[in-house]
Structures are given as structure tokens and as C-alpha cells.
1. Using a 1.4 angstrom probe, figure out how much accessible area the stretch 207-282 has per residue, in square angstrom, rounded to the nearest whole.
2. Along its three principal axes, how long is the stretch 205-277 when you only count alpha carbons? Whole Å, largest extent first please.
3. Could you work out the pair-distance distribution P(r) of the stretch 131-285 from its alpha-carbon pairs, with 10 angstrom bin width and percents rounded to whole numbers?
4. Run the dipole for the stretch 183-285 about the Cα centre, Lys and Arg Cβ at +1, Asp and Glu Cβ at -1, nothing else charged, and hand back the magnitude in debye, nearest 20.
5. Given a Förster radius of 25 Å and the C-beta distance between LYS150 and LYS223 as r, what FRET efficiency does 1/(1 + (r/R0)^6) yield to the nearest 0.05?
6. List the trypsin sites (Lys or Arg not before Pro) in the stretch 156-246 that DSSP assigns to loop (not H, G, I, E or B) and whose Cβ has at most 12 other Cβ atoms within 10 Å. Which are they?
7. Sort the following peptides by mean Cβ neighbour count (other Cβ atoms within 10 Å, averaged over residues), highest first: 209-220, 271-282.
8. Could you list which residues have their amide H under 5 Å from that of SER198, counting only those 5 or more apart in sequence or on another chain, with H placed in the peptide plane?
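The values are calculated or read from the model by the stated rules, or taken from the named source; none is laboratory data. Keep in mind it's a predicted model, so treat the numbers as computed, not measured. In this analysis, Cβ positions are derived from the backbone assuming ideal geometry, glycine residues included, and neighbour counts consider all displayed protein chains. With ligands, DNA and RNA removed, areas are computed over all heavy atoms of the protein, side chains included. Shrake-Rupley method; radii C 1.70, N 1.55, O 1.52, S 1.80 Å.
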Amino acid sequence: MFVSPRFAGVLLAACVTSTAALAAMTSSKASDNLDLTGGSFPGIPGALVGRGKHLELVPKLAQSWEQVEPTVWRFHLRPNVKFAGGEPFTADDVVYSYQRVIGEGSDLKGNLATEGCVAKITGLKNPSITGPARVFDSENDCMKAIMAKKIKPGDVVVIRYEGPKGGPGMQEMLAPTSALIGQGLGESVGLLTDGRFSGGTWGMVVGHVAPEAYVGGTIALVKEGDSITIDAKKRLLQLNVPSKELAARRKKWKAPRPRHTHGLLAKYRRLVSTASLGAITDLEA
């Protein structure tokens, strides 16, 4: 289910018990034509209607409502509701259909991700970038470069050997992306990894690149300065290097020594599948 940012609050009111969370997230962009002053709404908790005019949008947009669970309410929208500019308001303005999702092109493929990957590009002004690769074989190495301000606008950062087997375990890359945003590079730098991202991550970021570097995926063949394209509109993640050159690099590539050779993490590394299959450990079961 994909919630429209425009009317996230209308839906959240039915499932959020925190007044503070509801107040923070209820949209303030609804129609000026609606009467938002006063009103009695029998059966609806005061937290939904008594904390400011925008919260009263919830019952004002609904012609009826019912409590279906202790913390869940079902609202039925009023007919013929319009935005201030006269545009009709429909259920699709509350919950987006798949076709309307901004990130519907987030599943990218290309020679860098033949099994696929996931891009978080929602809200970016330009969901594409082509630039020189800045290659790091661990998150820690990447963080050192970012904090030393060695990453410049137009760069495409590559963090590899952080996948299910290489990590092992796909640790999240929130720290590098947060540091880039802190330096004002969120819109101008691309970042891709065979690891994963936190839900709080924002920017031109691509995770879950598969096959991962540890098993010889193309991400393992990237060299510093190679041209890389991330294009969410074309659903493309491409290393702009001739196939013949990539084949030559692949012949020379060798898997690195595992970070853990015994214990639980070593067992996990041996059992875990590719990220494109969910990084599960019981594939043969």
C-alpha cells in the first residue's frame, strides 16, 4: 500500500494512536472550501478532532466512520469533495495505486545488477546521474573518505563487499548517506551498494545490488573513475565499460578472504542466498 504524501494524515488517523504523530503528519494542503471550524463527531476520540483545524479534516472528509478494532477506524469518504482548485478528490488521493507511485521505477537492472536492485529516489528533482565511480570495499573506508571531504558533486560512490555473504549480513548504509546529506551532497552524488539502507535514508541511493561483489557480481569489477549511470526513469543501473574489458577484469578477479572464517557468521555466509532471493538461509530446504 502506498500512501499519498498529500493526504497521508487522512489515512494515518485511522491507524495511529499517537496524537503527536498524527498532528505532525496530517496534511495541511486540503481544500479551502471545507469548513474546518468546530463540529461534533460522535464516537471519534477527541485526539482525532480536537488538536487543530487540520486534524478535523479527517471527519470532515468522511460521511461515516466506524471502529473496527481498538486502535483502527474505518472512514467512508464524502462524495464530490474537491481540492481548492476544483480538482476532484478521490480515494486514489489517499492511497496511491501502484501505477502512481513515484518510486515505481525503483527496481533497476543493467550490467551492474543483472538480478536487480532497489533505488530510493522518491522526492529527488533529478532521478538520474552519470559520473565517475568512487570505489570502497567497506562502509568504514567510505566513511573515512566522506568525512575527509573527498567526495565531490557528480561522483557515484560504490560501497561493495557488504552484501549477504560479503558483509556478512547486509548492514545498513545510513551513516554514509547521512554524512553526504550533511555535506549538502544528497542531490548531487549517487551511491550504490550490495548492502542495504535504513528507512531513514534519502538521496540518489541504490541498494541490494545483486549479484553481490563477494560472489563476483559486476560491482566487484568496478574500478576507480569508471563511468556509472543510475537512471530511475529508464530503470537502469549501468557500468559504462565495454563488455570485452569487463570479461578481462572478471578473469583476473579473485574472491577476497572472508571477514569471518568460523563461528555463526561464517556459517551464515556459507548458507545465505543472494539478496534477489531475500538473503534466506534455507534455499535448499
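1. Details: 4510 Å² over 76 residues.
On a per-residue basis, 59 Å².
2. Taking max minus min along each principal axis of the Cα atoms, the stretch 205-277 gives 41, 30, 19 Å.
3. 11, 40, 35, 13, 1
4. 460 debye
5. 0.90
6. Those that pass, being in a loop and sparsely packed, are LYS223, LYS233.
7. 209-220, 271-282
8. MET173, LEU174
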